[in-house]
Amino acid sequence: MKKRIIIAILLECALVMSIFAGCGGTSASGGTSAAANKATADGKTEISFWDNYADKTHTEIYNTMIKEFEQENPQITVKYVPLPSDQAKSKYDVAIQSKTTPDCGVIYQYWMNDFAVEKGLLPLDDYISTWNKKDEMIDIFQNSIKNTSLDGKTYSIAQYAVIPTLWYNKQVFKKSGLPAPTTWDEVFADVAKTTDKKNGVYGFSIRGGAGSSQQVEQMLYQYSGITDMFDKSGKSTINDPSHVEYLDKLAKLYNKYTPESDITNASTEMISAFDSGTAAMIFHNIGSYGQHRDTLGNDNFGAAVSLKSKQNTNVLVSNGVICLSVFNNSKHPKEAFKFISFLAEHKADSQLNEKLGSVPCNKEALKDDWVQKSLPVKEAAAMLLNKDTKLATLPFNVTGYFDLHQNTLAKDFQNVLLGNETAKQYLDRWADQMTQLKKQYDDKVVKK
């Protein structure tokens with residue numbers, strides 16, 4: 001913890017000016033610090049809002065929603081600052097250390113504890129308790145936000161989710177005389193039946209390159225139905241026998257029912273294999289829906305969002321949601337919460353997610369017409385609204401989790417595909433590493 005604070009302080013001098021130089025939005029250049037917020041010349045209260053994903057779509061829809069908010073709340077002006085996605089986390093980090101944070105902003109749930117431990121975020125429990133639209137929020141996501149925080153407080157409101165999805169080619173399945181898969185056992189059976197190497201068609205494409213282990217983790221817990229990342233003694237459940245069984249089956253598909261190039265393919269190459277018709281199925285997430293729609297056409301592919309687990313349950317495996325937070329340094333927290341709650345309510349949340357093709361975290365938005373017309377989003381909505389759906393939240397709150405994936409697990413997964421290591425050896429080592437990280441996290445962070 002101390003090491004991270006020292007590093008952040010050392011970076012402050014070099015990076016703090018980049019916040020102002022590189023964060024220019026359509027309504028202002030640079031980020032206004034909470035300390036500098038003041039009433040405008042016409043007596044309005046100005047708040048600053050940072051968006052963690054600067055692109056044309058996000059900028060256009062946020063500017064539209066800001067105008068609507070300002071019309072409904074003429075006493076508040078919102079300064080919008082879009083951040084380049086690859087720089088957003090570092091800009092937030094430096095802003096927290098230098099106390100130049102915005103009043104509110106968009107963050108990933110897996111950033112939340114990093115910010116909260118530095119006292120960067122404002123607990124929202126009191127604000128939410130008096131919010132008249134709080135019941136519109138999807139319980140499993142709001143509970144996850146609260147349960148994964150360091151101190152059990154609520155530091156964010158869920159805005160939208162990217163749901164893991166098995167995509168399948170309807171034309172290939174039709175040609176093979178197969179219905180859509182509903183379980184992972186059916187998926188494994190269908191992989192062999194849809195493979196036609198003579199015509200360049202493989203039953204599956206595995207992500208073997210960058211980001212592979214995180215996708216494998218999602219598949220494992222969806223297959224097993226296990227929702228706890230650690231048992232009561234603090235040991236990781238990643239090497240559960242059902243996970244070993246699944247990974248062994250998956251690895252045996254490689255280069256027999258999958259392209260040989262899968263060993264180094266990241267998400268872009270895997271998606272390309274599916275969209276070109278080379279792969280009959282891939283496991284990704286709902287975020288690639290637009291690419292499949294534009295390449296294959298809506299009628300030529302399907303989404304199996306809720307594959308039944310071995311326990312015959314529907315398990316949503318989540319690596320967190322995209323959230324809205326108020327920063328602790330804000331001098332206008334009431335106005336900031338008013339704005340982020342506006343963004344999370346039915347109309348605004350639906351507007352944003354329709355444009356993005358993602359899944360709203362607002363119950364009412366999930367019932368809108370555009371959701372019913374978008375098959376994968378509709379299936380995800382049905383799963384989220386089903387009271388029997390269970391949530392398995394990956395342990396992204398444990399310090400070192402992402403470094404382990406990025407630096408070790410993805411590379412080692414390639415050895416499993418190549419047969420240089422067994423599924424059990426790989427998962428046993430992974431479990432030992434995660435168990436140790438969890439112990440360190442509990443001792444140095446939670447109990448601090």
Taking residue 188 as the residue in question, decide whether it is under 29 Å from residue 272 (Cβ atoms), crowded, with 20+ Cβ neighbours inside 10 Å and either of a type in the set (D, E, K, R) or not assigned by TED's automatic domain parsing to the domain that holds residue 66 (or both). no
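Mind checking which residues of the range 196-208 are assigned to a loop (DSSP other than H, G, I, E, B) and either crowded, with 21+ Cβ neighbours inside 10 Å or touching a helix residue (DSSP H, G or I) at 6+ places or on another chain (Cβ under 7 Å) (or both)?
Correct list: 203, 204, 206, 207, 208.
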Does the range 148-163 include one or more residues that are more than 17 Å from residue 359 (Cβ to Cβ), surrounded by fewer than 23 Cβ atoms within 10 Å (Cβ to Cβ), over 16 Å from the mean Cα position of the chain (by Cα) and not assigned by TED's automatic domain parsing to the domain that holds residue 61? no
Subset of the range 43-54, residues farther than 18 Å from residue 90 by Cβ and not in a strand (DSSP E or B), comes to 43, 44
Give the residue, chosen from 258, 154, 165, that is part of a strand (DSSP E or B), in contact (Cβ under 8 Å) with a residue 12 or more places away in the chain and of a type in the set (Val, Ile, Thr). 165
Can you name the residue in the range 281-301 that is crowded, with 21+ Cβ neighbours inside 10 Å and either of a type in the set (Phe, Trp, Tyr) or in contact with a Leu (Cβ under 9 Å, 6 or more places away or on another chain) (or both) and, of all such residues, is nearest to residue 71 (Cα to Cα)? 289
Do we have residue 224 as polar (S, T, N, Q) and either outside the structural domain of residue 420 (by TED's automatic domain parsing) or buried (at least 17 other Cβ atoms within 10 Å of the Cβ) (or both) here? yes
Candidate set: the range 344-366, residues that are under 15 Å from residue 141 (Cβ atoms) and among the hydrophobic types (A, V, I, L, M, F, W, C); chosen: the one surrounded by the fewest Cβ atoms within 10 Å (Cβ to Cβ): 366
Please verify whether residue 330 is touching a residue at least 40 places away in the same chain (Cβ under 8 Å), in a loop (DSSP other than H, G, I, E, B) and more than 20 Å from residue 163 (Cβ to Cβ), treating the condition exactly as stated. yes
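Criterion first (assigned to a loop (DSSP other than H, G, I, E, B) and in contact with an Asp or Glu (Cβ under 6 Å, 6 or more places away or on another chain)) does residue 178 satisfy it?
Criteria met by residue 178.
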From 440, 425, 436, grab the single residue that is modelled with pLDDT of 95 or more, exposed (fewer than 15 other Cβ atoms within 10 Å of the Cβ) and either more than 22 Å from the chain's Cα centre (by Cα) or assigned to a helix (DSSP H, G or I) (or both). 436
Just one of 114, 135, 86 is in a helix (DSSP H, G or I), of a type in the set (Asp, Glu) and surrounded by fewer than 18 Cβ atoms within 10 Å (Cβ to Cβ); which is it? 135
Using the structure shown, decide if residue 400 is surrounded by fewer than 22 Cβ atoms within 10 Å (Cβ to Cβ), of a type in the set (Gly, Ala, Ser) and not assigned by TED's automatic domain parsing to the domain that holds residue 236. no
Could you tell me which of the residues 32, 57, 26 is in a helix (DSSP H, G or I), at pLDDT below 90 and either touching a helix residue (DSSP H, G or I) at 6+ places or on another chain (Cβ under 7 Å) or under 17 Å from residue 336 (Cα atoms) (or both)? 57
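The values are calculated or read from the model by the stated rules, or taken from the named source; none is laboratory data. Just so you know, these numbers come straight off a predicted model, no measurement behind them. Every residue, glycine among them, receives a Cβ derived from its backbone with ideal geometry; neighbour counts consider all protein chains shown.
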